[in-house]
Amino acid sequence: MTQNDLYDQLQRLDGQGYGAYKSLKGEYDFGDFTLHIDHVQGDPFAAPSRVRVVVPQSVAGFPKGLWEVPCRAIALADYLTREFYRATQRRERGSGSGKSGLVGIVRPSQAMLKRSAAGVTGDAVELRFTVGLPAFGRRIAGRQGAELLCRTVPKLVESTLFYGALDGEAMQRQVDGAEDAAELRSQLATHNLVAFVADGAILPRRSGVDQRPLAEQAVPFKSPDSLRVTLTCPHAGAVTGMGIPQGITLIVGGGYHGKSTLLRAIEAGVYNHIPGDGRHQVVTEPAAVKVRAEDGRSIAGVDISPFIGSLPQGKSTQTFSTPNASGSTSQAANIIEAIEAGATALLVDEDTSATNFMIRDRRMQALIAKDREPITPFIDKVRQLYTDHGISTVLVMGGSGDYFDVADTVIAMDEFCPQDVTEQAKAIAAAYKTERDPEGGPSFGRLTPRIIQPGSIDPSQGKRSVKLRARDVDQLQIGTEAIDLSAVEQLVEQGQVRAIAEAIVYAQRYRMTATTPLPEVIAAVMADVEQYGLDCLTDWPMGDLVSFRGLELAAAINRLRTLRTG
Ligand code: ADP
Ligand code: MG
């Protein structure tokens with residue numbers, strides 16, 4: 001079938017009932033590319049139809065240098081997705097009912113991520129998107145459909161997927177930037193660093209709902225001399241900036257001086273960012289995890305005994321379960337679960353922490369005896385986390401100087417400029433003793449990987465065997481169960497949530513057994529995705545899946561309220 005066959009067929013369908021569109025499913029030769037209609041929507045108001053275009057490299061013409069290395073191919077595919085996204089935002093969709101005339105593709109964030117929406121290989125460029133097949137009422141608008149598929153789509157393809165139509169220098173910048181960021185990240189370990197923030201980086205964002213860089217008034221990042229390191233990357237060459245050493249780092253400073261902004265940039269540093277983001281040379285070790293308090297979450301069989309001892313009414317903390325965690329128990333569980341899932345560094349902000357989890361000072365120790373207080377505060381475990389398990393912590397803490405005793409590095413934010421105040425903090429700690437009694441013993445405590453009961457995850461709903469939905473980045477639905485992800489802060493795109501929903505079902509079906517510990521389940525799923533791509537998670541090629549870390553997959557599973565262990 002050719003473009004002309006499709007055109008004629010759409011003319012014939014004009015005026016028929018919407019269901020007749022189903023006959024379009026198939027593959028069409030458009031000369032320069034192939035159009036695949038993979039899924040046809042059932043009515044004009046339903047989720048739009050899913051299509052793919054495949055442009056052979058002989059036509060698309062992207063030079064090898066842009067895609068030969070996997071990291072560069074991902075950056076190039078990201079670039080093409082953005083171009084297509086921008087083009088769809090510019091066009092008007094015309095008239096018609098429901099989703100008539102819409103052309104859509106996943107919306108990229110500031111991060112450069114691997115997405116099922118686009119792929120570039122030596123053979124071809126493939127792009128997946130959706131179209132709203134046009135209707136008036138519930139009757140097929142065949143002429144508009146022909147215009148959309150046979151005129152608009154080819155124009156979009158020519159302007160966004162042909163090398164010659166695009167800005168070659170911008171593409172080069174983007175793939176070089178991705179490779180540089182990956183190289184900077186890979187140098188962290190050899191320099192004993194958790195994170196690196198380049199001089200000149202722009203960390204603040206426009207607003208809480210706009211992740212683009214703050215345009216004016218942003219103070220560029222400038223490392224204190226004592227923490228400045230020089231890393232080298234293949235394209236930008238030598239890059240200087242602040243290295244955050246392994247161990248325990250405190251970020252202190254007055255309110256509104258940029259502490260949380262710095263920590264958020266470090267959180268985001270597990271991903272590569274597009275040129276112009278301001279954080280494209282801010283990199284963090286790949287398994288760094290933001291942890292916070294999250295009262296109200298459910299917890300299933302987590303051993304929180306390193307932090308929390310005997311609870312009222314003799315409730316066990318070695319296999320702790322609750323449908324309604326407190327601030328402190330939720331933060332303890334978040335940390336233990338992150339470690340179970342493979343976290344190598346913890347990122348903690350006082351703004352989102354439970355005070356009684358973070359600190360118990362001398363006076364409170366005197367008033368409330370240890371046998372009445374089940375919580376061993378983080379201050380008494382943060383050092384052992386590093387010495388016993390090699391897990392570093394970066395902690396924003398403007399409110400308690402007690403942490404000076406356990407910190408290796410203290411960075412003060414002053415008018416958005418970092419200062420190294422480690423020496424002063426140590427001198428102050430020596431001059432003013434906290435006189436706290438250390439709590440919780442000499443070692444971190446037990447870590448017990450859990451086994452999830454596969455039967456406690458049920459994606460079915462009524463007659464449908466699998467029901468999944470991703471609502472923005474902070475919620476997903478598996479069967480009848482909603483999972484709240486608003487405290488899983490390193491998810492940046494809805495497509496990640498969608499992919500995680502698919503991955504949970506995949507894990508339950510193929511990788512969970514009554515004897516496999518959760519970390520092994522997660523590792524097996526991630527290995528499959530690595531080897532076979534995101535497509536292995538779904539029955540047919542979807543365009544809306546975005547790569548994610550095993551850490552966030554585990555976090556989503558852990559928040560499922562039906563979850564049972566043992
Ligand atoms: P803190 O955590 O120290 O209270 P925040 O990190 O929340 O402070 O920052 C306070 C405000 O200052 C925010 O609106 C943030 O966007 C802005 N900000 C942070 N860093 C910079 C910077 N380098 N230049 C300009 N504004 C900044
Ligand atoms: Mg803050």
| request: Looking for whichever is more than 26 Å from the chain's Cα centre (by Cα), in a loop (DSSP other than H, G, I, E, B) and over 21 Å from V348 (Cβ atoms) here; the options are S316, S305, S321. Which one fits? | output: S316
| task | Would you mind listing the helices (runs of 4 or more DSSP H) fully within the stretch 351-395 where at least 1 residues are under 28 Å from the mean Cα position of the chain (by Cα) and modelled with pLDDT of 95 or more? | result | 355-358, 382-389
| For the stretch 108-217, which strands (runs of 3 or more DSSP E) that fit wholly inside it have 3 or more residues that are crowded, with 19+ Cβ neighbours inside 10 Å? | 118-120, 124-131, 193-198
| field | Every residue from the stretch 84-100 that is part of a helix (DSSP H, G or I) and surrounded by 22 or more Cβ atoms within 10 Å (Cβ to Cβ) | value | F84
| field | Scope the stretch 342-353; condition among the small types (G, A, S) and either within 16 Å of ligand 1 (Cβ to nearest atom) or open to solvent by less than 30 Å² (accessible area, probe 1.4 Å) (or both); matching residues | value | A343, A345, S353
| Which numbered condition trips up V466, out of (1) within 16 Å of ligand 1 (Cβ to nearest atom); (2) under 30 Å from G495 (Cα atoms)? | (1)
| task | Give the number of residues within the stretch 268-290 that are within 13 Å of ligand 1 (Cβ to nearest atom) and open to solvent by 20 Å² or more (accessible area, probe 1.4 Å). | result | 0
| Identity of the residue in the stretch 218-267, open to solvent by 30 Å² or more (accessible area, probe 1.4 Å) and in a helix (DSSP H, G or I), that ends up farthest from ligand 2 (Cβ to nearest atom) | D225
| task | Please list, ordered by first then second residue, the pairs with beta carbon atoms under 7 Å, 6 or more apart or interchain, first in the stretch 538-566 and under 18 Å from T513 (Cβ atoms), second in a loop (DSSP other than H, G, I, E, B) and basic (K, R). | result | T565/R450
| query | Would a scan of the stretch 219-238 turn up a residue that is within 14 Å of ligand 1 (Cβ to nearest atom) and on the phi > 0 side of the Ramachandran plot? | reply | no
| remark: Taking the stretch 381-400 and keeping only residues that are away from ligand 2 (no atom under 16 Å from the Cβ), open to solvent by 20 Å² or more (accessible area, probe 1.4 Å) and out of contact with any strand residue (DSSP E or B) (no Cβ under 8 Å at 6 or more places or on another chain), one is left with Q384, T387, D388, H389, G390
| query | Do we have A111 as at pLDDT 95 or above and farther than 26 Å from P541 by Cα here? | reply | no
| remark: P245 vs (1) within 30 Å of G401 (Cβ to Cβ); (2) in the same structural domain as V421 (by TED's automatic domain parsing); (3) away from ligand 1 (no atom under 16 Å from the Cβ): all pass except (2)
| Taking interchain pairs and intrachain pairs at least six residues apart, which have beta carbon atoms under 9 angstrom, with the first residue in the stretch 56-82 and open to solvent by 40 Å² or more (accessible area, probe 1.4 Å) and the second acidic (D, E) and at pLDDT 95 or above? | P56/D32; P56/D123; V59/D32; V69/E179
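The values are calculated or read from the model by the stated rules, or taken from the named source; none is laboratory data. Everything numeric in this text was worked out from a predicted model, so none of it was measured. Cβ sites come from the backbone with ideal geometry, for glycine too, and all protein chains shown count toward neighbours. Keep in mind that these areas ignore ligands, DNA and RNA; they rest on the heavy atoms of the full protein, side chains included. Shrake-Rupley method; radii C 1.70, N 1.55, O 1.52, S 1.80 Å.
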